[in-house]
Structures are given as C-alpha cells and as structure tokens.
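Participant: Provided herewith is a single structure, encoded as structure tokens, for subsequent inquiry.
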Amino acid sequence: MNILVTGGAGYIGSHACLRLKEKGHRVLVYDNLIYGHAKSALGWEVIEGDLADREKLRQIFAANDFDAVMHFAAYAYVGESVEDPKKYFGNNLVNAINLLNVMLEHNVKKLIFSSTCATYGEPLSELIDESHRQAPINPYGESKLFFEKVINRYSEAYGLKAISLRYFNAAGADPEGRIGESHDPETHLIPLVLKAAKGERESVSIFGDDYDTPDGTCIRDYIHVFDLAEAHLLALDKLDQIKGSRFYNLGNGTGFSVKEVISCAEKVTGVRVKVNIAGRREGDPARLVAGARLARQELGWWPEYGSLEKIIESAWNWEVKKRF
C-alpha cells in the first residue's frame, strides 16, 4: 500500500514507518520538523510541511495515489497545553480537519489516528477500557477527543473508514538501535532517567509523591513503541473489514509508579540516579492503566515487549549510541 504518514519524523511515527517499510509498504512522511527528525527516515522520503498549509497538502495528494493516511502529527505536552490551549486546538484539531478535508477531496477514505488515553481523564476504575467515560482534564486530551468526534461524524457522512488508537505511555526504542526517542524539550520519564544515568542531567524530578497510590507517585502503563507500531499495521489491515470508525486502547494492562520506573532504570544501567521531589503538575491523573482486551480480540494484537525491564533496556541501548 501507499501510505502518507503525517508526523512520521516523530518518535512513534518513525517507528511505524519502519514497520511499514519492513512489511513492503511505500511510505511518504509529511512533517513540519518542529519536533521530528529528518534523520529518523530510513529509506523513505520526508517532505517538510505543515498541516495548516492546505495547498501544499493538495499538491502532495495530487502527486501521489495514497491508499491510506496514518496521522501522528500533533503537539503532545500536557503542561504546555494547559498554558497555551490555542496552540493545541489550532494544530491538533483545526489543522487535522484540514487533512481530513484534503483526503476527501482526493477520495482517500482510510485513516489511522494516533489518539491518547488522555481523552479519558481521571480514571473511575482500576483498568480503563473503551467503555470508560471520556472526560479529559487538559487541553491536550480535549484536542484529541474533539478530533475523534470529528472522525466519527466524517465516517457517518462521507464514508470515511477510521481507527483511533488510544495510547498509554509510549516508551522504548527500536530493538536494533536504529531509531529511538529524542525530544527537545524532553519530558518523558524514562529518557530523563536514562540521561541522568548517562551523566547528561544532574537529577530527575518526581512531580508529586502524595498521590493516592502505594508509594505516593503517579502510576502509568508503559507500552513499547514497537508494539504500538505493530498495532498500526494490524489496524491498517482491519480497515478493509469495517464500516465507519473504531477505537482501541493500546497498553500492557500493568501499571508502574514513577519510583518503580526509576528503580528499574537503575537496575538496567547499573547507575544510581539522584532524585528530587517537586510539586504536582496540573493535569496529571494519579493512575492510568489500560484495559486493552478489545485490541487483542479484534486486531489480534499482543505486545511482544511486555516487561518494563525490556522496554528500558531498548531505550538505554538507543540512549548510549543515539544519532539524533
């Protein structure tokens, strides 16, 4: 298949591109490179551009016979979304609708959307499955939820086939060390701990140790980025079997606290990391753990890299030899 991957120079998008390429698909990346890296492209073309530029999108669609679109392009800093919601609704919603409209103009009606567990908000149960209410507590989650709603309406009105994949915490790197996580600024826990272990940071901050959890720190479900990428390939196949839109959680179904992640990283690296306790960040739920049975039942998706130690080992392998 011929796939347009928006945001394909970013962390998760680039890993999806790698798996698409390995499966024999043709990949074209469209990315504004604000946070993405052109060096993450391993044998596929990257066109620099923004989703706000509808005319450039039209030119790209006119020059290529796309079978489907994988849409990763989004701003994804929760704290920043609270401080600057205009930026998030403008890019994650308005610009994404530009993409949908250009897709329809060129009769491309298959979409895989990179969504998030942040659409759920504060959990009402130990495991969050797809039946959980969606009540996001930050503009980032709201921007993703609003676009999910737009997708549903476009599916009903225009025959769009779409699958939204609601990630929990993406982590890890390509097991062969070809690509990995490289954000600026970096806000994700695992790479921050590994940078401290590597000597690039003096310490790691824990944002709140007074949550209602066993050790007082936030609990998250960490899912290996290659397992996420594999889910996108399965979802791409699933589009031929459905009408309308579907949505699936992607997570391991196991939660680890911030302190447990730091301890595991110290075990993997053999380095003791200095830790500072800071105040809570606005918009952070205490616990987010996936109920992902639906993806297993309907997509046939089973995470290969299920253990936290395996995830951190792959991230550490990338961190010590990263090329961008």
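The values are calculated or read from the model by the stated rules, or taken from the named source; none is laboratory data. Please read these numbers as outputs of a predicted model, since none were measured by experiment. Glycine also receives a Cβ, built like all others from the backbone with ideal geometry; neighbour counts cover every protein chain displayed. What goes into the accessible areas is simple: the full protein's heavy atoms, side chains included, and nothing from ligands, DNA or RNA. Shrake-Rupley method; radii C 1.70, N 1.55, O 1.52, S 1.80 Å.
Participant: Accessible area of the chain with a 1.4 Å probe: how many percent of it is carbon plus sulfur? Can you show the working numbers first?
Facilitator: Numbers: 6380 of 13560 Å².
Of all accessible area on the chain, carbon and sulfur atoms account for 47 percent.
Participant: Same structure again: Rounded, prolate or oblate for the range 243-306? Axes are the square roots of the Cα gyration tensor eigenvalues, ordered a ≥ b ≥ c, and the cut-off for rounded is a/c under 1.5.
Facilitator: Numbers: a/c = 4.03, a/b = 1.77, b/c = 2.28.
Oblate is the answer for the range 243-306, as a/c is 1.5 or above yet b/c matches or exceeds a/b.
Participant: Among 257, 131, 14, which one shows the biggest mean-square fluctuation in a GNM of the chain, springs joining Cα atoms closer than 10 Å?
Facilitator: So, out of 257, 131, 14, the one fluctuating most is 131.
Participant: Which GluC sites (Glu not before Pro) does the range 72-137 hold that lie in a coil by DSSP with at most 16 other beta carbons within 10 Å? Mind showing how you got there, number by number?
Facilitator: On the way: sites: 80, 83, 105, 126, 130; in loops: 126, 130.
Passing both the DSSP loop test and the Cβ count: 126.
Participant: May I pose another question? Over the range 106-190, with the other protein chains present, what is the accessible area per residue in square angstrom, probe 1.4 angstrom? If you can, show how the numbers build up before the last one.
Facilitator: Details: 3300 Å² over 85 residues.
That works out to 39 Å² per residue.
Participant: Taking every DSSP beta bridge with both residues inside the range 156-290, roughly what % is antiparallel (nearest 5)?
Facilitator: On the way: 2 of 17 bridges.
Beta bridges within the range 156-290, antiparallel portion: roughly 10 percent.
Participant: I want the antiparallel fraction of DSSP beta bridges within the chain, as a percent rounded to 5.
Facilitator: Working: 2 of 42 bridges.
Here the share of antiparallel DSSP bridges comes out near 5 percent.
Participant: With the chain treated as a Gaussian network of Cα nodes joined by springs under 10 Å, which of 216, 177, 24 yields the largest mean-square fluctuation?
Facilitator: Comparing 216, 177, 24 in the GNM, the peak value goes to 24.
Participant: Another one. So what is the 222 nm mean residue ellipticity for the chain from helices alone, if each DSSP H run of at least 4 adds -39500 (n - 2.57) and you divide by all residues, rounding to the nearest 500 deg cm²/dmol? Numbers along the way, then the final one.
Facilitator: Values: 11 runs with 118 residues, N = 324.
Result for the chain: -11000 deg cm²/dmol, rounded to the nearest 500.
Participant: Treat every Asp and Glu Cβ in the chain as -1 and every Lys and Arg Cβ as +1, leave all other atoms uncharged, and give the resulting dipole magnitude about the Cα centre to the nearest 20 debye.
Facilitator: Details: 39 positive and 45 negative charges, 104 e Å.
Using Cβ point charges on Lys, Arg, Asp and Glu, the chain gives about 500 debye.
Participant: Summing +1 for each Lys or Arg and -1 for each Asp or Glu, what net charge is found among the other residues whose Cβ lies under 14 Å from the Cβ of residue 63?
Facilitator: Values: positive: 26, 56, 58; negative: 45, 55, 65, 105.
Here the charged neighbours net out to -1.
Participant: Still on this structure, please answer the following. Ranking request for peptides 140-148, 28-36, 314-322: highest mean number of other beta-carbon atoms within 10 Å first, then the rest in descending order. Don't jump to the answer; show the numbers that get you there.
Facilitator: On the way: 140-148: 23.6, 28-36: 21.0, 314-322: 18.6.
Most protected by this proxy first, the peptides run 140-148, 28-36, 314-322.
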